[in-house]
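The values are calculated or read from the model by the stated rules, or taken from the named source; none is laboratory data. Since this is a predicted model, take the numbers as computed values, not measurements. All Cβ positions, glycine included, derive from the backbone under ideal geometry; neighbour counts span all protein chains shown. Areas reflect the complete protein model, heavy atoms only, side chains present, ligands, DNA and RNA absent. Shrake-Rupley method; radii C 1.70, N 1.55, O 1.52, S 1.80 Å.
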Amino acid sequence: MDKIRDVAVIVGSLRKDSINRKVATVLSELAPERLKLTIVEIGSLPIYNQDVDDNPPAAWTAFRERLRAADAILFVTPEHNRSVPSALKNSIDVGSRPYGKSAWNGKPGAIVSASPGGIGGFGANHHLRQSLVFLNVPTLAQPEAYLGGADKLFDASGKLINEGTRKFLQEFMRSYDAWVTANIKT
Ligand SMILES: Cc1cc2nc3c(=O)[nH]c(=O)nc-3n(C[C@H](O)[C@H](O)[C@H](O)COP(=O)(O)O)c2cc1C
């Protein structure tokens, strides 16, 4: 088998029963074998403050090092007020600094957004893309992944019960695998 790719998964929700966390788990099950997905937690990162760049909190340093070690990044996020949840934006900012040393730089990325609402977190998905352009994260364009009505996709045990969505997510991960291979930094 080809070399295993370490994919850092950033989940934009901190909620225990998060739909997006369930989606992330399903994505890791459906991913081609050589993609190893691991959720990198963002809930304990102190809010970014440039004043402490010279003496950063240990949680920032650990997060940046974890991102640097990853081959690729996968974002799975809800939408908050038509944009990116604040915890996710904070993680983007923390990972991007100190200036010139962004841990995101050049890592192949992809975004899945999920919401009970009909437009599947489209606003968050595209606001996130705006930041990723600036951060030089080459981000998979197609297929786009906006999962609407996502509260109906899982049963009480957290199992994905929609076969169409399963097929779509499997295809999505195949495309992402090819994208990672084409864009990975050697
Ligand atoms: C502060 C806040 C803002 C929200 N704004 C939106 C929104 O703009 N669009 C949307 O589709 N859902 C919105 N929602 C509903 C979330 O999509 C819903 O809570 C979803 O389950 C969150 O994802 P999670 O289950 O992964 O935590 C919002 C929820 C919160 C708490």
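Of the residues that make up the stretch 77-94, is at least one touching a residue at least 60 places away in the same chain (Cβ under 8 Å), of a type in the set (Gly, Ala, Ser) and surrounded by 18 or more Cβ atoms within 10 Å (Cβ to Cβ)?
yes
Take the residues in the stretch 60-76 that are of a type in the set (A, V, I, L, M, F, W, C), farther than 13 Å from Leu132 by Cβ and touching a residue at least 60 places away in the same chain (Cβ under 8 Å), then tell me which one is nearest to the ligand (Cβ to nearest atom).
Val76
What number of residues in the stretch 152-167 are open to solvent by 70 Å² or more (accessible area, probe 1.4 Å), part of a helix (DSSP H, G or I) and in contact with a strand residue (DSSP E or B) (Cβ under 9 Å, 6 or more places away or on another chain)?
Qualifying residue count, the stretch 152-167: 0.
In the list Gln130, Gln142, which residue meets the criterion of being part of a helix (DSSP H, G or I), out of contact with any Phe, Trp or Tyr (no Cβ under 8 Å at 6 or more places or on another chain) and open to solvent by 20 Å² or more (accessible area, probe 1.4 Å)?
Gln130
Output the qualifying pairs, or none if there are none: Cβ atoms under 8 angstrom, residues six or more apart or on different chains, first residue in the stretch 1-21 and over 14 Å from Ala124 (Cβ atoms) and within 16 Å of the ligand (Cβ to nearest atom), second residue open to solvent by 90 Å² or more (accessible area, probe 1.4 Å) and assigned to a loop (DSSP other than H, G, I, E, B).
What qualifies is Arg21/Arg15.
Can you name every residue in the stretch 115-174 that is in contact (Cβ under 8 Å) with a residue 60 or more places away in the chain and more than 16 Å from the ligand (Cβ to nearest atom)?
Val137, Arg166, Gln170, Phe172, Met173, Arg174
Output the residue which, of all residues in the stretch 106-127 that are aliphatic (A, V, I, L, M) and farther than 18 Å from Ile39 by Cα, is surrounded by the most Cβ atoms within 10 Å (Cβ to Cβ).
Ala124
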